[in-house]
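Here is the structure we will look at, set down as structure tokens.
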Amino acid sequence: MIDLYFWPTPNGFKITIFLEEVGMPYTVKYINIGRGDQFDEEFLKIAPNNRMPAIVDHDGPGGEPVSIFESGAILQYLGRKTGKFYPQDDERARIRVEEWLFWQKAGLGPMAGQAHHFRQYADDNHEYAVNRYTDEVNRLYGVMDIQLKDNDYLAGDYSIADMAAYPWVRPYKRQGQDLAEFPHLEAWYVRMHDRPAVARAVEIGKDERAKWDLRKDKDAKSVLFGQRARKPA
């Protein structure tokens, strides 16, 4: 029913977690971002921002196929479609989920991504950038820690907000963080890690990812980093 255009990265895992949690049939179509698959013209028709994940639901609204890009939009769509992990009738509960979903999209993901870049991939020493993004991720972890002090999950009940955040916390060591500093976040991390669907979801694509190491692949780095605007055809 669902075609998932995917590469095993934090944003990709958001969608595999949801699909594994609900048991919805899906087919993985790998978009090797180090090889440049994201610039294929057919993929750009689905994902004009040349980023994965994206999906095609062959049983979309009205029974017609629909394509969706952007992980947050995909999670919201799948939550509405299945009626799971995204409140349908309780507006206050939905607001809480959306607050934390957009917090992840606007804050945790971009800041952790920059921390990854400057700590792992930048060719030169960029001390200011490393400190800037490492500190900001630390601040954001603190925000989560406070929220999780009295909540098992970010919006109270387990939701798409947790699915969005967890893949970006998994590589915490690469972000220069120590979960021991954040006991409530660490307890949430363990709860997420121990969910069987989550454990299955983060293994998807493991063999594909193991075929190359971005930190050592100059061609892959040139594909991923330093891109400028594409011109209209």
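Each reported figure results from applying straightforward, stated rules to the coordinates on display, with no laboratory input. No experiment lies behind these values; they were computed from the predicted model shown. Glycine also receives a Cβ, built like all others from the backbone with ideal geometry; neighbour counts cover every protein chain displayed.
What share of all Cα pairs of the range 91-199, in percent, falls into each consecutive 10 Å distance bin?
15, 46, 29, 9, 1
Find the relative contact order for the chain and round it to a whole percent, using C-alpha pairs within less than 8 Å whose residues are 6+ positions apart.
Once divided by the residue count of the chain, the mean separation gives 25 percent.
For the residues 223, 66, 137, what sequence is obtained by ranking on other C-beta atoms within 10 Å, fewest first?
Ordered by Cβ neighbours within 10 Å, fewest first: 66, 223, 137.
What do the square roots of 5 times the Cα gyration tensor eigenvalues come to for the chain, in whole Å, largest first, as semi-axes of the equivalent ellipsoid?
For the chain, the ellipsoid semi-axes come out as 26, 26, 15 Å.
Amide H of residue 54 versus every other amide H placed in the peptide plane: which residues, excluding those fewer than 5 positions away on the same chain, fall under 5 Å?
5
In the Gaussian network model of the chain, springs joining C-alpha atoms below 10 Å, which of 71, 222, 159 carries the largest mean-square fluctuation?
Evaluated over the chain, the most mobile residue of the options is 222.
If we sort 80-89, 98-107, 40-49 on the protection proxy, mean other Cβ atoms within 10 Å, highest first, what's the order?
By packing density, highest mean first, the sequence is 98-107, 80-89, 40-49.
Hey, how many Å between the Cα centroid of the range 66-137 and the Cα centroid of the range 5-61?
The distance from the Cα centre of the range 66-137 to that of the range 5-61 comes to 16 Å.
Given the chain, what percent of its DSSP beta bridges are antiparallel, to the nearest 5?
For the chain, the DSSP antiparallel bridge percentage is about 65.
Using a 7 Å offset from Cα along Cα-Cβ at residue 127, what residues in the range 136-179 end up with backbone N under 12 Å from the label point?
None, by backbone N distance to the label point.
Can you check how the C-alpha radius of gyration of the range 12-65 compares to 2.2 N^0.38 Å, as a plain ratio?
1.23
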